[in-house]
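The values are calculated or read from the model by the stated rules, or taken from the named source; none is laboratory data. This is a predicted model, so every value here is computed, not measured. Cβ sites come from the backbone with ideal geometry, for glycine too, and all protein chains shown count toward neighbours.
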Amino acid sequence: MRVRSLWADTAPEAPERAPLEGDTEVDVCVVGAGYTGLWTAYYLLRRDPTLQVLVVEAETVAFGASGRNGGWCSALLPQGVERMTRDHGPVAAQAMRTVMRGTLDEVERIVREEGIDCHWRRGGTVVVARSAPQLARATAEVAEDEAGGSPEGLRLLDAEETRKTVGMTRALGATHTPDCARIHPLRLARGLAAAVERRGGRIVERTRALDLSPGAVRTDRGVVRARHVLRATEGWTPRLPGAAREVVPVYSLMVATEPMPAPFWDEVGLSGGETFSDFRHVIVYGQRTADDRLVFGGRGAPYHFGSSVRPEFDGDETVFRRLRSTLADMFPAVAGARFTHAWGGPLGISRDWHAAVRHDPASGLGSAGGYVGDGVATSNLAGRTLADAVTGTGSDLVRLPWFNHTSPRWEPEPLRWLGVNAGLLVARAADAAENVLNRPTPLSGALARLTAH
């Protein structure tokens with residue numbers, strides 16, 4: 001088993017793109033060729049085909065989380081309904097949720113229109129409650145969703161309904177939302193990059209941005225002059241000057257089985273293309289792929305001092321073992337299956353768990369990110385919003401509550417290292433305590449205070 005993603009081994013070969021060759025001048029320079037940068041370039045060119053748009057990428061297209069994630073294209077936002085309502089009011093919170101649900105339709109439309117074969121299947125998400133405390137959280141989440149005015153959204157399933165959807169052990173019930181599609185994330189990113197280039201955009205790879213300022217991006221291969229400079233670097237943001245405390249890069253790791261036979265799926269289910277999770281505190285997520293593998297991931301890995309991002313952090317055998325063990329606990333039929341892939345990578349978390357899109361028309365500087373792992377669909381909305389802001393379209397998107405939201409900066413080290421890793425330890429401890437006591441514990445409240453969520 002290699003520290004290489006399943007997605008990289010099951011996507012068509014990508015073209016090699018040349019690096020930047022010296023200084024250049026364009027209308028818009030987008031830094032980062034992940035989902036946010038690609039969606040932004042795509043919609044800029046749709047809004048105004050005359051624009052000169054250059055996307056600068058330090059590695060290759062979708063090298064980061066966009067090419068390594070769990071393949072959930074969902075309407076989830078890192079900031080919950082209650083938090084959005086408290087911070088922005090019920091009308092603004094409902095507008096954000098409505099737009100996010102519509103974003104799935106928009107992504108599906110573009111996938112069809114551009115002929116992107118990303119194994120799109122909109123089966124929704126089932127999150128299983130496997131203990132009394134988890135069932136209480138599931139019930140509360142549905143009540144909160146209903147109070148937020150989303151009658152067609154989250155639904156509470158009883159134990160029998162849950163078993164018909166997913167054959168997970170100890171299932172007492174579950175929530176189900178239709179607002180998620182299972183995808184092959186790297187296929188989506190590479191297809192989107194090709195669509196950007198067909199519309200006249202230019203993508204340069206192996207070109208590291210060293211500094212972003214109004215009107216210019218200084219790279220290791222030349223200076224790009226641009227009226228608008230848009231940062232789409234997510235988990236790699238702390239590498240840029242002055243941005244060390246904007247987000248923390250937290251690693252999420254994944255494992256994948258070999259293709260599983262029909263009797264396995266008769267027991268496990270997920271026949272409708274549902275993505276799945278459960279209500280534990282340490283986040284986990286999974287899907288049944290188009291070629292019948294079971295792909296499963298979770299947070300679990302430690303935060304590294306100084307917001308460090310290194311290739312060797314992509315693999316952690318302790319976390320991989322824990323993921324395989326958790327998956328076998330959920331689905332005993334996986335015992336004996338061969339795991340063919342294990343991989344990971346960083347995602348970006350803002351201090352208040354609040355994704356944001358920002359643009360200053362005076363300086364031309366803009367950015368988007370802080371998705372906390374919920375960025376597949378959210379990045380599409382971010383790209384449309386940035387494109388509208390840059391082109392002055394004046395749509396309702398630039399009036400959504402996340403536009404020009406500023407999150408607090410993370411604490412300096414070593415407080416940052418202590419706080420983030422303490423949150424992980426508390427989450428694990430809360431899960432362990434609930435498993436033993438079968439009731440909520442004060443650790444859940446402590447975790448909420450640590451994460452300011």
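Would you check if PHE264 is in the same structural domain as ALA328 (by TED's automatic domain parsing) and within 23 Å of ALA430 (Cβ to Cβ)?
no
Residue by residue, here is whether (1) in contact (Cβ under 8 Å) with a residue 60 or more places away in the chain; (2) surrounded by 19 or more Cβ atoms within 10 Å (Cβ to Cβ) holds:
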residue	(1), (2)
VAL357	no, yes
LEU365	yes, no
ALA368	yes, yes
GLY373	yes, yes
THR378	yes, yes
GLY392	no, no
PRO408	no, no
ARG416	yes, yes
Next on the checklist: Here is a list: GLU106, GLU144, GLU161, GLU152. Which entry is outside any loop (DSSP other than H, G, I, E, B), of a type in the set (Asp, Glu), surrounded by fewer than 22 Cβ atoms within 10 Å (Cβ to Cβ) and at pLDDT below 95?
Outcome noted: GLU144
Item to check | Of all residues making up the range 1-18, the number that are part of a loop (DSSP other than H, G, I, E, B) and either acidic (Asp, Glu) or more than 27 Å from CYS118 (Cβ to Cβ) (or both) | outcome: 2
Checklist entry - On the given criteria, is ASP87 out of contact with any helix residue (DSSP H, G or I) (no Cβ under 9 Å at 6 or more places or on another chain), surrounded by fewer than 19 Cβ atoms within 10 Å (Cβ to Cβ) and over 30 Å from HIS341 (Cβ atoms)? => result no
Item to check | Criterion violated by THR98 - all others in (1) in the same structural domain as PHE331 (by TED's automatic domain parsing); (2) part of a helix (DSSP H, G or I) satisfied | outcome: (1)
Checklist entry - Which ones in the range 228-264 are surrounded by fewer than 21 Cβ atoms within 10 Å (Cβ to Cβ) and either among the hydroxyl-bearing types (Ser, Thr, Tyr) or at positive phi (or both)? => result GLY242
Item to check | ALA432 being surrounded by 22 or more Cβ atoms within 10 Å (Cβ to Cβ), within 29 Å of SER307 (Cα to Cα) and assigned by TED's automatic domain parsing to the domain that holds MET254 | outcome: no
Checklist entry - Which residue out of VAL126, VAL223 is assigned by TED's automatic domain parsing to the domain that holds SER379 and either assigned to a strand (DSSP E or B) or closer than 29 Å to LEU20 by Cβ (or both)? => result VAL223
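For THR326, state whether it is at pLDDT 95 or above, among the polar types (S, T, N, Q) and either under 19 Å from the mean Cα position of the chain (by Cα) or surrounded by 21 or more Cβ atoms within 10 Å (Cβ to Cβ) (or both).
No: the conditions fail for THR326.
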Checklist entry - Can we say ALA33 is assigned by TED's automatic domain parsing to the domain that holds GLY200, within 21 Å of the chain's Cα centre (by Cα) and on the phi > 0 side of the Ramachandran plot? => result no
Checklist entry - Any residue at all in the range 16-29 that is closer than 20 Å to VAL376 by Cα, surrounded by 17 or more Cβ atoms within 10 Å (Cβ to Cβ) and of a type in the set (A, V, I, L, M)? => result no
Item to check | Failed condition for TYR43, given (1) under 16 Å from the mean Cα position of the chain (by Cα); (2) assigned to a helix (DSSP H, G or I); (3) buried (at least 20 other Cβ atoms within 10 Å of the Cβ) | outcome: (1)
Checklist entry - Applying the selection to the range 232-246, what residues are in a loop (DSSP other than H, G, I, E, B) and over 18 Å from the mean Cα position of the chain (by Cα)? => result LEU240, PRO241, GLY242, ALA243, ALA244, ARG245
Checklist entry - Residues of the range 219-266 being farther than 17 Å from ALA301 by Cβ and among the hydroxyl-bearing types (Ser, Thr, Tyr), which ones? => result THR219, THR233, THR237, THR257
